[in-house]
Amino acid sequence: MSRRIVWVTGGSRGIGLEIVRAFAQLGDKVWFNDLREDQVRETEAALTAEGYDVAGRACSVTDFAGLERLVEEIVARDGRLDVLVNNAGITRDGLMMRMTEEQWSLVIHTNLTGCFNTIRHAIKPMMKQRGGRIVNIASVVGVMGNAGQANYSAAKAGVIGLTKTMARELASRGVLVNAVAPGYIETEMTAQLTEAARGELTRQIPLGRTGQAADVAEVVKFLAGPAAGYITGQVLQVDGGMHM
């Protein structure tokens, strides 16, 4: 298809915004959701002014019913759903001995259950049309672990397991499911790190530099494109060699 209908979660800033822009630049219609109404409206207005066909909605990935309504709206307006990118995620870092139940539950519910929620609704039109792509944004810490991120690492490891299981369940319907595991990517989230922490992380990267949101967006775009038509159930690490 020359023009696809794409849905990106957490698409108003950071990696999500770069993914939205990457698909929009291809001429695709891109729907995106995020938590804050003001950020969604601002992003939608900015991209529309640049000539892109985008539509933003304020909806949390933890809102199961709200996401169902969003998918229904997408299909009602555009007739199908070709690509889902599960990008929305949060962190609540802390060592296990001091981590609260709320910090644990909020990250698991957003980063892992959020993926279940979106996939659960998105596969209905994809299975009906016998085709689609799902790309889940995992993390390198879901593969290798990271001290102080038990909740985040567990959630992202769960996303990888979910990816592989969905790839098996949906293959016969022509729906391909893969994951991207970014390493240290420059975003608002990582900007909160101290210079010392930033330097230590950079020293762990064989390429000697941090990644950019566009590095992740390009891999997502590849997995959703025709060149990846024989790839499913895989995890592509975008980490500069941080974990080999």
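Just so you know, all these numbers are worked out from the coordinates, no wet-lab data involved. Just so you know, these numbers come straight off a predicted model, no measurement behind them. Note: ideal-geometry Cβ built from the backbone for every residue, glycine included; neighbour counts use all protein chains shown.
Per-structure values
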{"item": "Charge dipole of the range 52-99 about the Cα centre (unit charges at C-beta), most positive-ward option of GLY94, CYS59, LEU81", "result": "GLY94"}
{"item": "Charged-residue dipole, Cβ positions (Lys, Arg, Asp, Glu), the range 72-197 about Cα centre, Debye nearest 20", "result": "740 debye"}
{"item": "Residue-count net charge about ALA58 - beta-carbon cut-off 9 Å; Lys, Arg +1, Asp, Glu -1", "result": "0"}
{"item": "Relative packing of 91-99, 121-129, which averages over residues the other C-beta atoms within 10 Å, highest first", "result": "121-129, 91-99"}
{"item": "Selected from THR43, SER12, ALA157, residue furthest toward positive end of dipole (the chain; charges at beta carbon)", "result": "ALA157"}
{"item": "Whole-Å distance, taken between Cα centres, linking the range 87-126 and the range 9-54", "result": "22 Å"}
{"item": "At most 15 other Cβ within 10 Å, DSSP loop - GluC sites (Glu not before Pro), the range 119-214", "result": "GLU188"}
{"item": "Proxy reagent accessibility, fewest Cβ within 10 Å first, across SER139, SER60, SER2", "result": "SER2, SER60, SER139"}
{"item": "Helix 14-25 vs. the chain, principal-axis angle (Cα, 0 to 90°, nearest 10)", "result": "30 degrees"}
{"item": "Contact order normalised by residue count of the range 5-237, Cα under 8 Å, 6+ apart, percent", "result": "20 percent"}
{"item": "Formal net charge of residues neighbouring GLY114 (Cβ-Cβ distance under 11 Å; K, R +1; D, E -1)", "result": "0"}
{"item": "Among beta bridges that DSSP assigns inside the chain, antiparallel share in %, nearest 5", "result": "0 percent"}
{"item": "Counted charge near LEU26, where neighbours are those whose Cβ lies closer than 9 Å (Asp, Glu -1; Lys, Arg +1)", "result": "+2"}
